[in-house]
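Novice: One structure follows; several queries about it will come next.
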Amino acid sequence: MANQFDVTIIGTGPGGYVCAIRAAQLGLKVAVVEKRATHGGTCLNIGCIPSKALLHASELYAESKHAFAKMGIKAETSVDFPQMLNFKQEAIDGNTKGIDFLFKKNKITVFRGTGVIAGPGKVSVGSEVIDTKSIIIATGSDVARLKGIEIDEQQIVSSTGALELKQVPATLAIIGAGVIGLELGSVYARLGAKVTVIEYLDRILPGMDNEVAKSFQRILQKQGFAFRLSSKVTAAAKAKDKVTLTVEPAAGGTPESISADVVLVAVGRIPYTAGLGLEAAGVKLDNRGRVEVDDHFATNIPGIYAIGDVIRGPMLAHKAEDEGVALAEILAGQAGHVNYGVIPGVVYTAPEVAAVGKTEEELKAEGVNYKAGKFLFLANGRAKANQTTDGFVKILADAKTDRVLGVHIIGPMAGELIHEAAVLMEFGGSAEDLARTCHAHPTLSEAVKEAAMAVAGRSIHS
Ligand code: NAI
């Protein structure tokens, strides 16, 4: 009976490993199956964590070049890129080892290899078969590819290859002005690359509030980014040390060429379900290849569940984690729940961009009558002291009830500031609740309070 479990989770990314720990906490006997040598999935190994290490290091370097002198700091800095990659690797190792520790602490059994659903209540890993009451698919997502543009992870790279470049390219072309393109573009722009971003739509960061995206584009341009919006890449030709892209207006027209040392393809991600045995098991996928689940993460096959990037919703680590917790609680007989209306999104650039809830465009499309309050970091004492005054906070509240419906921040520490809005929204709070909450001075958070005051037209500092 050694291989008999209550729950078997395939994939130990943020969704899978968090689900495993929560299920074990609730007294369930848990197995996980992972084919990668280390736990943590894309996020810890080739995504969120390594990119944040490079963003942090490159931002400090950029500050040493552009901000130190005026603060009265004299320093000669230069980039040792191999060492920067070591720094990144240490961040990965520290985090993945942390999961090993947590699995041991929670007595979770780890199977190494590719998990295949071998029938009801059965998962095979190589020659071993696991008997389990429930199976959870937490296999995540993979890089979306573009027809005719083959990723070799050397000259034409995905985010994975972009985190492993041998040297800083002199020129970097990025296909896709989404989160990955702008974060990794920021890393290399700061380290000296000339970055050109080619985006199919007429704006960057689709899905984010348009006013924020416009302001962000201007700031990135000041940092040296070049944008080709409303453009599509139709071909890529590789020479020894250059790639030449054929770029056409999205609506059709005269093509032009853009050459770069390295091309990053960042046009989204697709659910990863290959080799799982889903077809044989009869598990239904939707028209976008995602595992179809109900509100309790159950697939159409009893005993098989799915969470994270492989199902509907934003492909975000924290969304997957919360789904993992909710599903573990449901399987333990509790009432697990995820509030999809309050999932923050953060772009970890400088300045950061963060949002929770509805954008102005969404509220308009839904015909909601709303009020907007906006406050510029330019008028915030702490931002002025730090000379990080780019950006603003915008709060959108229901015109009648004053309930906060969306908060959008571009500015210093936006990715941290957004959580006071998330907590407020989780409790159904109003702009006035936020405006009347005492905020310490001098903090960047005061900009959030002032934006809340601005909803009622009574901001003090603007
Ligand atoms: P994305 O969906 O954020 O952006 C892809 C961009 O590529 C879009 O602007 C899209 O219009 C554009 N695009 C698509 N096809 C194109 C084409 N043929 N030519 C030119 N442009 C094209 O996807 P991205 O940046 O690859 O990220 C993948 C996923 O990973 C997203 O779901 C994202 O939310 C997540 N992620 C989140 C991060 C964060 O939360 N900080 C960091 C990195 C990734």
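Residue-wise test of (1) in contact with a Ser or Thr (Cβ under 8 Å, 6 or more places away or on another chain); (2) over 30 Å from residue 41 (Cα atoms).
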position	(1), (2)
325	no, no
334	no, no
350	yes, no
361	no, yes
365	no, yes
369	no, yes
382	yes, yes
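Novice: Open to solvent by 30 Å² or more (accessible area, probe 1.4 Å) and over 30 Å from residue 291 (Cα atoms) - does that describe any residue in segment 260-268? Give the steps one after another, and end with the answer.
Specialist: Restricting attention to segment 260-268, the residues satisfying the condition of being open to solvent by 30 Å² or more (accessible area, probe 1.4 Å) are 261, 267-268.
Pick out the ones that are also over 30 Å from residue 291 (Cα atoms) and you get 261.
Yes - at least one qualifying residue is present in segment 260-268.
Novice: Need the failing condition index for residue 208 against (1) near the ligand (Cβ under 10 Å from one of its atoms); (2) open to solvent by 40 Å² or more (accessible area, probe 1.4 Å), just the number.
Specialist: Status for residue 208: all satisfied but (2).
Novice: Also: Tally the residues that are crowded, with 16+ Cβ neighbours inside 10 Å and closer than 16 Å to residue 404 by Cα, restricting the search to segment 448-462.
Specialist: 8
Novice: Report, by residue number, each residue of segment 6-30 that is surrounded by fewer than 24 Cβ atoms within 10 Å (Cβ to Cβ) and not charged (D, E, K, R).
Specialist: Selection gives 21, 24, 25, 26, 27, 28.
Novice: Which one is nearest to the ligand (Cβ to nearest atom) among residues in segment 190-203 that are more than 14 Å from residue 247 (Cβ to Cβ) and surrounded by 24 or more Cβ atoms within 10 Å (Cβ to Cβ)?
Specialist: Among those residues, the one meeting the criterion is 195.
Novice: Scanning for something closer than 18 Å to residue 157 by Cβ, within 14 Å of the ligand (Cβ to nearest atom) and either surrounded by fewer than 20 Cβ atoms within 10 Å (Cβ to Cβ) or in contact (Cβ under 8 Å) with a residue 60 or more places away in the chain (or both), does segment 213-228 turn up at least one residue?
Specialist: Within segment 213-228, not a single residue is closer than 18 Å to residue 157 by Cβ, within 14 Å of the ligand (Cβ to nearest atom) and either surrounded by fewer than 20 Cβ atoms within 10 Å (Cβ to Cβ) or in contact (Cβ under 8 Å) with a residue 60 or more places away in the chain (or both).
Novice: Go through segment 239-249 and give me each residue that's surrounded by 15 or more Cβ atoms within 10 Å (Cβ to Cβ) and either more than 16 Å from residue 176 (Cα to Cα) or not charged (D, E, K, R) (or both). Don't jump to the end; show me each part of the working.
Specialist: Step one: filter segment 239-249 for residues surrounded by 15 or more Cβ atoms within 10 Å (Cβ to Cβ), giving 243-248.
Those that are surrounded by 15 or more Cβ atoms within 10 Å (Cβ to Cβ) and either more than 16 Å from residue 176 (Cα to Cα) or not charged (D, E, K, R) (or both): 243, 244, 245, 246, 247.
Novice: Return the residues of segment 289-320 that are open to solvent by less than 60 Å² (accessible area, probe 1.4 Å) and more than 16 Å from the ligand (Cβ to nearest atom); say none if nothing qualifies.
Specialist: If the condition is that a residue be open to solvent by less than 60 Å² (accessible area, probe 1.4 Å) and more than 16 Å from the ligand (Cβ to nearest atom), then 291, 293, 297, 298, 299, 301, 303, 304, 305, 306 are the ones that fit.
Novice: Cβ-Cβ under 6 Å, sequence separation 6+ or interchain: first residue in segment 426-441 and within 15 Å of residue 456 (Cα to Cα) and free of Cβ contacts under 8 Å to residues at least 60 places away in the same chain, partner open to solvent by 90 Å² or more (accessible area, probe 1.4 Å) and not in a helix (DSSP H, G or I). Which pairs?
Specialist: Listed by first residue and then by second, the contacts come to 430/403.
Novice: Still on this structure, I have one more. Which residue out of 77, 96 is under 29 Å from residue 317 (Cβ atoms) and either assigned to a helix (DSSP H, G or I) or over 25 Å from the mean Cα position of the chain (by Cα) (or both)? Outline the logic, then answer.
Specialist: Working: 77 fails: under 29 Å from residue 317 (Cβ atoms).
Being under 29 Å from residue 317 (Cβ atoms) and either assigned to a helix (DSSP H, G or I) or over 25 Å from the mean Cα position of the chain (by Cα) (or both) holds for just one of 77, 96, which is 96.
The values are calculated or read from the model by the stated rules, or taken from the named source; none is laboratory data. Keep in mind that what you see is a predicted model, and the values were worked out from it rather than measured. Using ideal geometry, Cβ is built from the backbone for each residue, glycine included, and neighbour counts are taken over all protein chains shown. Only protein heavy atoms, including side chains, enter the accessible area calculation; ligands, DNA and RNA are left aside. Shrake-Rupley method; radii C 1.70, N 1.55, O 1.52, S 1.80 Å.
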